[in-house]
Amino acid sequence: MQDVIYLFCVARSNCLPEMAGYSMDGRSPIFLFNFLDIAAIVSSVPVEEFIGPAAESNLKDLSWIGPRACRHEEVIEQIMCHAPVLPIRFGTIFSSPERLGISLKEHYGAISRFLDDAAEKEEWAVKGLLNRKKAEEIQYKALLACEADNLASSPGMGYFREKKIRTDAGVAFRGKIEKILNEIRNDLSRYAADICERRLLSREATGSDLDMVINWAFFVPRSVKQNFLARIDRANKDYSGDGFVFAFTGPWPPYSFSPSLDTEAGQ
């Protein structure tokens, strides 16, 4: 069975401890592959696990991929405790140490710049969830209250007026959401070196009965992290009555801001 090189992440070699532990299979040790002043954190894995018919089956099997993806993240987070890290996507392999060395040489400039830029920064995820039904009803009742006198003076037209008010409430509701989210984005951006908008997830994916309306990643300097998190707390206090919930998680490996190394499985 042929082995290939599995890549977890890249970091400055002078910041790293001696590596201990094993790769996803529990047998192959993790080790450092050094190039100039950077090191790739790698292990050997059987090629059949990631290339070929068996690999296609593996990557569709949650019982196979789940523990290995968790182990991938554990190794990266272990390195994060010691140094800025450029995380690599799960399943990135190289056919030989020589091929890995060629890639590190080719992308050395981008890797080095990113590791310098990532020093003292953390990635934080911010998700905004909305109770849309509650928010729409709040907007409708507010407009209905403003029209109370008109409705009372023209009872025969009440149905049509209420229908128009509900339509107007929907338009006002969408404008209000956009205004609130723009305000929060602008405020949070003041504390971040960069922001990345990520794909919105469905209710099924989040396991929530609320609609996801934002899914942002921020690259936050540690020096202003507390201000950043405090602003999210304030947003929850300010807008919970409008049906919003803002959740943050982190720090995460900075996948959202890492340069692409244009790696392909099996190269």
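Inter-label distance, Tyr255 to Asp25: 2.4 nm, where each label sits 7 Å from its Cα along the C-beta direction. Taking label points 7 Å from Cα along the Cα-to-Cβ direction, Asn182 and Ile65 give a separation of 3.8 nm. Pairs exceeding a 24 Å alpha-carbon distance, out of Lys60/Lys121; Lys133/Lys179; Lys127/Lys225; Lys134/Lys179: Lys60/Lys121. Peptides 218-227, 123-132, ordered by how many other C-beta atoms sit within 10 Å of their residues on average, highest first, read 123-132, 218-227.
Taking a label point 7 Å from the Cα of Leu201 along the Cα→Cβ vector, which residues of region 28-66 have an amide N closer than 20 Å to it? Output list for this probe position: 60-66.
No lab work stands behind these numbers, since they all come straight from the coordinates. Predicted model, so just to flag it, every value in this text is computed and none were measured. For neighbour counting, all protein chains shown are included, and Cβ atoms are generated from backbone atoms with ideal geometry for every residue, glycine included.
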